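The structure under discussion appears below in the form of structure tokens.
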Amino acid sequence: MDLETHIALAQRWDVTLSKIDPQEDHTAAIEICMMMGTTLLNAIFHKRGIREEAYDQNHTTRPPIPPEAEARITPDVRAIMDDLHYVEQMRGLHCRGISGKLRDARDLPDWNPEVSMRCIAIIRNMQAFTEQVMGE
């Protein structure tokens, strides 16, 4: 996907996120944060020349990032990726019941209201960072 499409898609995710209650609709909030975060990460990767527009990440580690692209990830982008990894983990846990390996038994944990709020805070930070990167 090209850079402009990633930005437009992130804006659409943001509109949707603003329409829901992050506590009442916590599963949707986490899912949206995951999708929006991955979209923003791809925009950052494309703008910074880390990955070509022909290659998009579905997660911070999938598909595997080639060594030559990995070498172009700066510490500020790595920090954003580390934050997004938390969202990925919370999506697995709270939306899919994955608490360990994919083959382990699945069970949704008791809801912790701080999770969706932290996921949203991470996405807001990613948005600000993406705006900064787009201005470079």
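Would a scan of region 114-134 turn up a residue that is free of Cβ contacts under 8 Å to residues at least 60 places away in the same chain, surrounded by fewer than 16 Cβ atoms within 10 Å (Cβ to Cβ), more than 17 Å from the chain's Cα centre (by Cα) and outside any helix (DSSP H, G or I)?
Among the residues of region 114-134, not one is free of Cβ contacts under 8 Å to residues at least 60 places away in the same chain, surrounded by fewer than 16 Cβ atoms within 10 Å (Cβ to Cβ), more than 17 Å from the chain's Cα centre (by Cα) and outside any helix (DSSP H, G or I), which makes the answer no.
Spot the failing condition for A69; the list is (1) surrounded by 13 or more Cβ atoms within 10 Å (Cβ to Cβ); (2) under 24 Å from Q11 (Cα atoms), and only one is missed.
(2)
Among the helices (runs of 4 or more DSSP H) confined wholly to region 1-100, which include 3 or more residues that are closer than 19 Å to I123 by Cα, free of Cβ contacts under 8 Å to residues at least 40 places away in the same chain and not hydrophobic (A, V, I, L, M, F, W, C)?
Fully inside region 1-100 and qualifying: 3-18, 75-96.
Restrict the check to region 119-130 and report whether at least one residue is at pLDDT 95 or above and touching a Leu at 6+ places or on another chain (Cβ under 6 Å).
Checking region 119-130: at least one residue is at pLDDT 95 or above and touching a Leu at 6+ places or on another chain (Cβ under 6 Å).
How many residues, within region 34-64, are closer than 19 Å to R91 by Cα and in contact with a Pro (Cβ under 9 Å, 6 or more places away or on another chain)?
So the count comes out to 1.
Which one is nearest to the chain's Cα centre (by Cα) among residues in region 23-48 that are among the polar types (S, T, N, Q) and closer than 23 Å to P75 by Cβ?
Filtering first and then ranking leaves T38.
Just give me the residues in region 49-63 being hydrophobic (A, V, I, L, M, F, W, C) and within 17 Å of the chain's Cα centre (by Cα), in sequence order.
I50
Keeping to region 11-42, report how many residues are surrounded by 23 or more Cβ atoms within 10 Å (Cβ to Cβ) and small (G, A, S).
Number of matching residues: 2.
Between R103, R96, R78, which is at pLDDT 95 or above and either surrounded by 14 or more Cβ atoms within 10 Å (Cβ to Cβ) or more than 11 Å from the chain's Cα centre (by Cα) (or both)?
R78
The values are calculated or read from the model by the stated rules, or taken from the named source; none is laboratory data. Just so it is clear, the model here is predicted, and its values are computed rather than measured. All Cβ positions, glycine included, derive from the backbone under ideal geometry; neighbour counts span all protein chains shown.
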